Amino acid sequence: MAEPRIVVDSRESVAAPKIVSGLKDMGVKVRVELLEAGDYYILGEKPVLVERKHVTDLVGSVRTKRLWSELDAVKRAEAEPLLLVEGSLALIEKFTNWNPKSIVGIINSIILEWDLPVVMVPSQRWTVIYLASLAEDLSREKETKVYPLRVKEKTTRPEDYARIVVEGLPNVSGQRAINLLKHFRTVRNIANASVEELVEVEGIGRKIAERIYETFNLKWEEASE
């Protein structure tokens with residue numbers, strides 16, 4: 001059996017079967033199997049690992065913190081990482097309570113803080129076209145490297161622990177956590193901040209500031225009654 005040009009994660013093939021069939025219709029050799037990270041592993045001398053997110057799933061996975069663990073796994077893989085965002089960002093504004101500034105903040109965080117390229121496409125049809133084109137470009141390389149996909153063991157830095165702690169606060173997304181840490185420098189300073197000091201941080205309104213303050217100042221005896 002010929003080596004595939006794209007390996008598709010088995011869970012992704014169930015979630016987006018039209019992408020798999022579309023790639024095959026375009027003559028791309030596809031194999032479906034369980035990947036340790038990402039959704040599409042495109043082979044080549046410098047293989048590319050693509051994590052695909054529909055725009056509404058993007059913000060949903062931010063809310064559940066799932067996005068950051070998925071991007072961490074993609075970054076640890078022995079391949080060039082890439083986030084493919086599918087659909088119009090206007091859909092997020094229309095069908096969710098996220099405001100445009102927060103949406104753009106998430107994307108900026110992925111590009112600037114995670115050092116991960118983001119490609120925007122308008123639909124699944126364009127996803128197929130993009131992946132097929134990328135596979136074709138990589139197929140021109142002289143040799144194909146590393147199959148199957150290998151993912152390095154996860155190592156957590158102290159900065160990651162701090163971000164995880166802050167992301168656990170009420171209504172604090174990944175970008176808000178980064179903004180808080182940049183402003184206050186330490187988790188201890190955030191915990192000691194007043195409501196007035198918290199609202200000075202970009203993306204932190206008064207209601208969120210009050211929830212953060214209450215979380216850090218709540219007596220456990222009161223919470224357990």
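In region 163-176, what residues are aliphatic (A, V, I, L, M) and closer than 19 Å to ASN217 by Cβ? Quick ask: steps written out before the conclusion?
Initial filter on region 163-176 (aliphatic (A, V, I, L, M)): 164-166, 169, 172.
If the condition is that a residue be aliphatic (A, V, I, L, M) and closer than 19 Å to ASN217 by Cβ, then VAL165, VAL166, LEU169, VAL172 are the ones that fit.
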*asked:* So GLY44 passes all but one of these: (1) closer than 18 Å to MET120 by Cβ; (2) assigned to a loop (DSSP other than H, G, I, E, B). Which condition number does it fail?
replied: (1)
*Taking interchain pairs and intrachain pairs at least six residues apart, which have beta carbon atoms under 6 angstrom, with the first residue in region 51-64 and free of Cβ contacts under 8 Å to residues at least 60 places away in the same chain and among the aliphatic types (A, V, I, L, M) and the second part of a helix (DSSP H, G or I) and surrounded by fewer than 21 Cβ atoms within 10 Å (Cβ to Cβ)?*
VAL55/LEU91
*Among the residues of region 31-53, how many are closer than 21 Å to VAL85 by Cα and either surrounded by 19 or more Cβ atoms within 10 Å (Cβ to Cβ) or in contact with a Gly (Cβ under 6 Å, 6 or more places away or on another chain) (or both)?*
15
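Could you please give the count of residues in region 84-101 that are among the β-branched types (Val, Ile, Thr) and within 18 Å of VAL121 (Cα to Cα)?
So the count comes out to 2.
Taking the criterion of being under 20 Å from VAL7 (Cα atoms) and in contact (Cβ under 8 Å) with a residue 12 or more places away in the chain, would at least one residue in region 86-103 satisfy it?
As a first pass, look at region 86-103 and keep what is under 20 Å from VAL7 (Cα atoms): 86.
From what's left, in contact (Cβ under 8 Å) with a residue 12 or more places away in the chain: 86.
For region 86-103, residues under 20 Å from VAL7 (Cα atoms) and in contact (Cβ under 8 Å) with a residue 12 or more places away in the chain: present.
Taking into account only those residues within region 79-94 that are of a type in the set (D, E, K, R) and in a helix (DSSP H, G or I), which is surrounded by the fewest Cβ atoms within 10 Å (Cβ to Cβ)? Walk me through it before giving the result.
Here is the first cut: in region 79-94, the residues of a type in the set (D, E, K, R) are 80, 86, 93-94.
Narrowing further to those that are in a helix (DSSP H, G or I): 93-94.
Working: GLU93: 15, LYS94: 9.
The residue in question is LYS94.
Only one residue in VAL151, VAL172, VAL146, VAL165 is at positive phi and either modelled with pLDDT under 85 or more than 22 Å from the chain's Cα centre (by Cα) (or both), so which one is that?
Result: VAL146 is the single residue among VAL151, VAL172, VAL146, VAL165 that is at positive phi and either modelled with pLDDT under 85 or more than 22 Å from the chain's Cα centre (by Cα) (or both).
So which residues in region 168-193 are basic (Lys, Arg), assigned to a helix (DSSP H, G or I) and surrounded by fewer than 18 Cβ atoms within 10 Å (Cβ to Cβ), if there are any at all?
Quick first cut of region 168-193, residues basic (Lys, Arg) only: 176, 182, 185, 188.
Right, trim to assigned to a helix (DSSP H, G or I) and you get 176, 182, 188.
Of everything in region 168-193, those that are basic (Lys, Arg), assigned to a helix (DSSP H, G or I) and surrounded by fewer than 18 Cβ atoms within 10 Å (Cβ to Cβ) turn out to be LYS182, ARG188.
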*Mind checking which pairs have a first residue in region 156-170 that is within 15 Å of LEU71 (Cα to Cα) and a second that is surrounded by 10 or more Cβ atoms within 10 Å (Cβ to Cβ) and modelled with pLDDT under 75, Cβ under 9 Å, 6 or more apart or different chains?*
ARG163/GLY174
*Collect the residues in region 54-77 that are surrounded by fewer than 16 Cβ atoms within 10 Å (Cβ to Cβ) and basic (Lys, Arg), keeping them in residue-number order.*
ARG63, LYS65, ARG66
_Search result, residues across region 95-113 that are under 20 Å from GLU80 (Cβ atoms) and open to solvent by less than 40 Å² (accessible area, probe 1.4 Å)_ = ILE107, SER109, ILE110
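May I ask you to say which residue of GLU214, GLU196, GLU200 is part of a loop (DSSP other than H, G, I, E, B) and out of contact with any helix residue (DSSP H, G or I) (no Cβ under 6 Å at 6 or more places or on another chain)? Show your work before the answer.
Values: GLU214 fails: part of a loop (DSSP other than H, G, I, E, B); GLU196 fails: part of a loop (DSSP other than H, G, I, E, B).
Going through GLU214, GLU196, GLU200 in turn, just one is part of a loop (DSSP other than H, G, I, E, B) and out of contact with any helix residue (DSSP H, G or I) (no Cβ under 6 Å at 6 or more places or on another chain): GLU200.
Taking the residues in region 1-30 that are in a loop (DSSP other than H, G, I, E, B) and aliphatic (A, V, I, L, M) as candidates, determine which candidate is most open to solvent (accessible area, probe 1.4 Å).
Of all residues in region 1-30, those in a loop (DSSP other than H, G, I, E, B) come to 1-5, 16, 26-29.
Within this subset, residues satisfying the condition of being aliphatic (A, V, I, L, M) are 1-2, 16, 26, 28.
Details: MET1: 194, ALA2: 56, ALA16: 1, MET26: 107, VAL28: 20 Å².
So the residue we want is MET1.
The values are calculated or read from the model by the stated rules, or taken from the named source; none is laboratory data. Predicted model only: the values in this text are computed from it and were never measured. As a convention, Cβ positions derive from the backbone with ideal geometry for all residues, glycine included, and neighbour counts pool all protein chains shown. Surface accessibility is based on the protein's heavy atoms, side chains included, excluding ligands, DNA and RNA. Shrake-Rupley method; radii C 1.70, N 1.55, O 1.52, S 1.80 Å.
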